[in-house]
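Each remark here refers to the structure printed beneath this line.
Bear in mind these aren't lab numbers, they're just calculated from the coordinates by the rules spelled out. Only a predicted model underlies this, so the values are computations on that prediction, with no experimental measurement involved. Heads up, the Cβs are rebuilt from the backbone with ideal geometry, glycines too, and the neighbour counts pull from every protein chain shown.
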Amino acid sequence: MTIGKLIDGKAFAAGLREQVAEGVAAFAARTGRAPGLAVVLVGEDPASAVYVRNKGKMTVAAGMESFEFRRPASIGADELLELIEELNGDPRVDGILVQLPLPKHLDEQAVIAAIDPAKDVDGFHVINSGRLAVGLPALVPCTPLGCLMLLKDELGDLAGLEAVVVGRSNIVGKPMAQLLLAESCTVTIAHSRTKDLASVVHRADIVVAAVGRPEMIKGEWIKPGAVVIDVGINRVPDPEEEGKSKIVGDVATAEAISHVSAITPVPGGVGPMTIAVLLRNTLVAACARAGVEAPEGL
Ligand code: GUN
């Protein structure tokens, strides 16, 4: 039995953050200011609060300015849209990220639509998703772009490969499929309602699992030698310690490891890439806004 490689997303992300920090220093030397990222957190969701704190820390560590806006869950739509308008007009702010999910009474699409597409470092605005779809330069959602970087690092040229994306969210599945298509993969988007998912997944040279169901994708579904990117972050009861929980992905990794040539672990695979790519997108947005060239290879 051969054992596949575990892809070290943590190390790759650290390297990317270092590259971004160098680009930030060059940007500051050229323009006299650091790129700025504004993060808006509405409500008290503890997981979101942890993400936002980490984003803030890593933004500062990369030499950028971090602006944080915490608002109560009871905020009205008008007040939130006013804040976004203010950030759109603030020359120190190159990137705007509104942490999702938002409380139910707020219309996420309307909030995203209010963000200046040039500052939309999440790549969620329809202008950016449209630009990605037609092959124009765009700000691209962080998690799928991070997955693509890991895939290219592992496989080099992806042209002609069969890629199956499991999951159809606007944040991961759909943009992931667009990115793989742009790399000339043959792309299938499968999801929780796909019939005979096992045989669809079995076709794939590349599997990207972003369906949000713990260990749904079984080891024997994987074609021998495939590369698997597991985007899932699912909290489940820990069978080894009563009353404790643990994080698992969307792929049954312990089974899959003997089928794959390489797979991202959970945690330590895709997770660390998201913030690193967010910093990258912020630098890219800052360069575009300032009319300076973005560093090569980002
Ligand atoms: N919530 C979960 N992932 C993301 C993300 O990539 N961006 C934002 N804004 N919210 C999220």
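State the Cα centre-to-centre distance between segment 118-146 and segment 186-207 in whole Å.
So the separation of the two Cα centres works out to 24 Å.
With the contact rule set at Cα under 8 Å and sequence spacing of 6 or more, what percent relative contact order holds for segment 53-126?
Working: 48 pairs, mean separation 19.9, N = 74.
Computed value for segment 53-126: 27 percent relative contact order.
Scan around Ile222 for amide H atoms under 5 Å from its own, H built in the peptide plane at 1.01 Å from N, and keep only partners 5 or more places away or cross-chain.
Close amide H contacts, sequence-distant or interchain: none at all.
For His191, enumerate residues with amide H under 5 Å from its amide H, sequence gap 5+ or separate chain, H modeled in the peptide plane.
Placed amide hydrogens put Gly167 under 5 Å from His191.
Pop out the ³J(HN,Hα) list for segment 280-296 in order, Karplus 6.51 cos²θ - 1.76 cosθ + 1.60 with θ = phi - 60°, rounded to Hz; leave Gly and Pro as x.
So the J values, rounded to whole Hz, are 4, 4, 5, 5, 4, 5, 4, 4, 4, 5, 8, x, 10, 6, 6, x, 5.
Which GluC sites (Glu not before Pro) does segment 41-134 hold that lie in a coil by DSSP with at most 14 other beta carbons within 10 Å?
On the way: sites: Glu44, Glu65, Glu68, Glu79, Glu82, Glu85, Glu86, Glu108; in loops: Glu44.
Sites meeting the loop and neighbour criteria: Glu44.
Tell me, what is the percent relative contact order of the chain, built from C-alpha pairs under 8 Å that lie six or more residues apart? Let's see the in-between values first.
Numbers: 602 pairs, mean separation 65.7, N = 298.
Relative contact order for the chain comes out at 22 percent.
Do any GluC sites (Glu not before Pro) in segment 224-298 lie in a DSSP loop with no more than 13 other beta carbon atoms within 10 Å, and if so, which? Write out the running numbers ahead of the final one.
Numbers: sites: Glu240, Glu241, Glu242, Glu255, Glu293, Glu296; in loops: Glu240, Glu241, Glu242, Glu293, Glu296.
Within segment 224-298, the qualifying GluC sites (Glu not before Pro) (loop, at most 13 other Cβ atoms within 10 Å) are Glu240, Glu241, Glu242, Glu293, Glu296.
By DSSP, what percent of the beta bridges with both residues in the chain are antiparallel, rounded to the nearest 5?
Expressed as a percentage, antiparallel bridges in the chain total about 10.
Between 0 and 90 degrees, rounded to the nearest ten: what's the tilt of helix 46-61 against the longest Cα principal axis of the chain?
On a 0 to 90 degree scale, this one is about 70.
I need to check one value: relative contact order of segment 117-275, counting alpha carbon pairs closer than 8 Å and at least 6 residues apart, in percent.
Details: 343 pairs, mean separation 29.7, N = 159.
Once normalised by length, the contact order is 19 percent.
Among DSSP beta bridges lying fully in segment 139-274, give the percent that are antiparallel, nearest 5.
Numbers: 4 of 20 bridges.
Looking only at bridges with both residues in segment 139-274, the antiparallel portion is about 20 percent.
Using only helices, what value at 222 nm comes out for the chain when you add -39,500 (n - 2.57) per DSSP H run of length 4 or more and divide by the total residues, to the nearest 500 deg cm²/dmol? Walk me through the intermediate numbers first.
Values: 10 runs with 122 residues, N = 298.
The per-residue figure over the chain is -13000 deg cm²/dmol.
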